[in-house]
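Novice: If you scroll down you'll find the structure; I have some questions about it.
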Amino acid sequence: MGSCVGKKKSLFRFLAANYVYFTALTLTVMCLFYLGFTIWQRYTVPAADPEEFIRRISGMKEEEIPGLNAERYLGRGAGMAVFSPDGTPIFDGGFDAEFSETELIPDFGSGRRFFVAALPENAENGDWLITEAQYGGEGEPAITGYLFLNEGGERLSGTLFADRFSFSDRQLGYLRGRTEDGKRIWKHDWADENGEGRRLVFWMQEAGIREYRAAYEAFNVLKWIFIPVYLGCALLCIRWLDRRTKKLLVPLNDAILSFPEQSGERLESYQGPEEFAQIARNFLKLEKKLQESEEERRRLDREKRRLFADLSHDLKTPVTVISGYARALQDNMVPKQERQRYLGVIAKRAERLDELLQSFHEYSRLEHPRMQVKKSREDLCGIVRDYFAGRYQELELKGYFLKADLLEEPVWCGLDPGLFVRVLDNLVNNALKYNPKGTTLFVEVRRKGSRAELRIGDDGRGIEERPGESVFSPFVTGDDSRGGKHGSGLGLSIVKEIVRLHGGTIRLEKEPSGGWSTEFVMEFALWETSEP
């Protein structure tokens, strides 16, 4: 089962990306609203830039001036006219006044201003007063000239415009800085790159109170539109995020709901954030472990059934013999000279039955989940040395030989001495039971890195494992010579369980070293590297 392939980005990046999309969408929508408002405002309340307009036209050649769009700088409805010093129009732009009248137009950027005011009726000085004011650096006006006109605009008295005897309504408007249609008008004089003088007259629409109020109200509307627009964008993004997240979670949910009927192999190509991909990988690992656990459970069930079958078979034989011999004795069917032999057979079968039950009881006890091993810091060499020293004479009397290769220094391991001796007992008893006299047994203890290694074997008949079976499985013997008539088939199973409870491992070497025919190898963690 392969590992799933996930996009190399985290859930945080996934959520951050969606937040960026949301922000971008919101800003885009708001920018569109603002752009529309700006375009509308430009036509309603023109945002003129006369300084940039003057700077632009002052740097242009004479033939380029007609191509300049005044509305681009001064707003909708703006216009311009350019004259040479003698009044010849370079570009008239629809300006139909005399060149001499441009003198009445205020200079842009100058502190000079004209004020035209109607005097009270029957005033002795006239009907109109034209006042010239010059604004200083601090904004304080200084009156620099005046002129009185009668009702018809004819000159009466004053210091201004000595060469002009009358003023039309248009000319009075120019003095105020207004065209006849109410636009703001200015003039500006400059010299081109050849030193020739030029006069610019430009006019533009000036927003009034009504236009400004409309723009202000529109801005307030735009401000209140922001909230529903923001909520609408948020709703869209939440919906989009919900769909994307469900799309990522559906494969995981389907795999969980369909387990164990269907395999979760489709998660091997799962695409999503790293955290979700990790969940998919963990699910695949869990699925694999559950499958292995299920296979192990089935194997244990098969072993348990076989264990009970083998046990019932092994119990049936001695029970049948005991029952038959006892009934024969009870019915006086056995001659007197045969009774002792019959009783001996019954006793041997009873001993065999007792041995079988004892072995099964011990094996069951070792496999119990609550079985506890009271390990302590023990010298493995010392335990092995003491054990074989205690059995040396027995081995010698039975015609067996012993070869020991033990380290002089202690090899400390976490062992339960009473339980561990059973390992040595079962291995040695097996060797004595299934090998002829003259067989040599050997034992060896070595250090192997952070572990201790114990080897026990012999040069006898050897053990051949059958295909598909292990000599450590219950009721499995190495060959026919080690069949049921000699042992229970639980000895090596008990050895394996005791070694496992000590945190060690045991194996039967397929190719024993040193010319030996049978070699069991056990490994235990040294005390320095194991838990106390």
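Novice: Which members of the range 162-178 meet the condition of being more than 23 Å from N122 (Cβ to Cβ) and in contact (Cβ under 8 Å) with a residue 24 or more places away in the chain?
Specialist: Matches in the range 162-178: R170, Q171, Y174, L175, R176, G177.
Novice: Among the residues of the range 178-193, is there at least one that is at pLDDT 90 or above, over 23 Å from I65 (Cβ atoms), touching a strand residue (DSSP E or B) at 6+ places or on another chain (Cβ under 9 Å) and surrounded by fewer than 20 Cβ atoms within 10 Å (Cβ to Cβ)?
Specialist: Yes, that holds for at least one residue.
Novice: Could you list, ordered by first residue, the pairs with Cβ atoms under 7 Å in which the first is in the range 72-89 and over 18 Å from E193 (Cα atoms) and at pLDDT 90 or above and the second is part of a loop (DSSP other than H, G, I, E, B) and of a type in the set (D, E), at least 6 apart or interchain?
Specialist: Note: pairs meeting the criteria are A81/D92.
Novice: Sticking with this structure for a sec: Restricted to the range 399-416, and to residues that are of a type outside the set (D, E, K, R) and part of a strand (DSSP E or B), which residue is surrounded by the most Cβ atoms within 10 Å (Cβ to Cβ)?
Specialist: That would be C413.
Novice: Go through the range 84-123 residue by residue and tally those that are under 25 Å from D169 (Cβ atoms) and not in a loop (DSSP other than H, G, I, E, B).
Specialist: 15
Novice: Moving on to the next point. Assuming V201 fulfils every condition listed in (1) of a type in the set (A, V, I, L, M, F, W, C); (2) at pLDDT 90 or above; (3) under 30 Å from T23 (Cβ atoms) apart from one, which condition is it?
Specialist: Only one criterion in (1) of a type in the set (A, V, I, L, M, F, W, C); (2) at pLDDT 90 or above; (3) under 30 Å from T23 (Cβ atoms) is unmet by V201, namely (3).
Listed here are the residues, each with its yes/no results for (1) modelled with pLDDT of 80 or more; (2) under 30 Å from R244 (Cβ atoms); (3) hydrophobic (A, V, I, L, M, F, W, C); (4) touching a His at 6+ places or on another chain (Cβ under 9 Å).
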{"site": "Q278", "(1), (2), (3), (4)": "no, yes, no, no"}
{"site": "K289", "(1), (2), (3), (4)": "yes, no, no, no"}
{"site": "R297", "(1), (2), (3), (4)": "yes, no, no, no"}
{"site": "L307", "(1), (2), (3), (4)": "no, no, yes, no"}
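Novice: Look at L407 and say whether it is hydrophobic (A, V, I, L, M, F, W, C), more than 58 Å from the chain's Cα centre (by Cα) and at pLDDT below 95.
Specialist: No, not satisfied.
Novice: Sticking with this structure for a sec: Which residues, counting only those in the range 108-160, are farther than 22 Å from D189 by Cα and among the acidic types (D, E)?
Specialist: Listed by number, the residues that qualify are E121, E124, D127, E138, E140, E151, E154.
Novice: Which count do you get for residues in the range 96-130 that are within 18 Å of I54 (Cα to Cα) and in contact (Cβ under 8 Å) with a residue 12 or more places away in the chain?
Specialist: Qualifying residue count for the region: 7.
Novice: Quick one: Q271 ticks every box in (1) closer than 19 Å to A16 by Cβ; (2) at pLDDT below 80; (3) assigned to a helix (DSSP H, G or I) bar one, so which box is it?
Specialist: (3)
Novice: For G197, indicate whether it is among the small types (G, A, S), farther than 16 Å from E71 by Cβ and in contact (Cβ under 8 Å) with a residue 60 or more places away in the chain.
Specialist: Yes; evaluated as a whole, the condition is true for this residue.
The values are calculated or read from the model by the stated rules, or taken from the named source; none is laboratory data. None of the values given here were measured: they were computed from a predicted structure. Counting neighbours? That spans all protein chains shown, and the Cβs are built from the backbone with ideal geometry, glycine included.
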